[in-house]
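Please read the structure below before turning to the comments.
Readers should treat all values here as calculations from the given coordinates under stated rules, not as data from a laboratory. All figures in this text were calculated on a predicted structure; none of them were measured in a lab. Cβ atoms come from the backbone with ideal geometry, glycine included; neighbour counts cover every protein chain shown.
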Amino acid sequence: MKLIIAIVQDRDANKLMKALIKENFKMTKLASSGGFLKSGNTTLMIGVNEEYVDKVITIIGNTCKTREETVVSYSTTEATGIYMPYLSDSKVEVGGATIFTVDVEKYLKV
Ligand code: 2BA
């Protein structure tokens, strides 16, 4: 068995979960945040038999879109000392999904 850990953009998460459920895959959804953009994303943990890994990756690839996002920076204004977010000029491309597959040693329900 394999555990697929897929980090996707929030905007694609519901559509992806619907597509996976339609094919009878089981999953757990975690609310997460990217370390770089510090904005919310969604992590799905999907446990599958090894022969289904490629099918799940295909569904993820067909559902999740690459988008360009503006980097939000933070600075403290001298006058107020308040920590303020501001939009910078730099953009990054956020991938449709970042996917890890991990070997599962045991899969138990007790
Ligand atoms: P974030 O860490 O918020 O990164 C968002 C996007 O910012 C990344 O898109 C990448 O284009 C850019 N980026 C990330 N770190 C950077 C850096 N040090 N310098 C310049 N640009 C940087 P993706 O690569 O598609 O990643 C999307 C999300 O997937 C990430 O959100 C993070 O939550 C996760 N992720 C990506 N690679 C990972 C890894 N090796 N381990 C764990 N999580 C990862």
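Given in Å, the Rg to one decimal and the Dmax to the nearest whole number for the Cα atoms of region 24-76 are 15.0, 52. Helix 53-63 and the long axis of the chain differ in direction by around 40°, with both axes built from C-alpha atoms.
Which of the chymotrypsin sites (Phe, Trp or Tyr not before Pro) found in region 1-57 are loop residues per DSSP with 10 or fewer other Cβ atoms within 10 Å of their Cβ? Counting only loop positions with at most 10 other Cβ atoms within 10 Å, the chymotrypsin sites (Phe, Trp or Tyr not before Pro) in region 1-57 are PHE36. Treating the angle as unsigned and between 0 and 90°, give the value, to the nearest 10°, between the Cα long axis of helix 10-22 and the longest Cα principal axis of the chain. Between helix and principal axis, roughly 10 degrees. Inverting the pair-averaged 1/r between distinct Cα atoms of the chain gives 15.8 Å as its Kirkwood hydrodynamic radius. The value of relative contact order for the chain, using C-alpha pairs under 8 Å at least six residues apart, is 35 percent. For region 54-110, the Kirkwood hydrodynamic radius comes to 15.6 Å, computed from all pairs of different C-alpha atoms.
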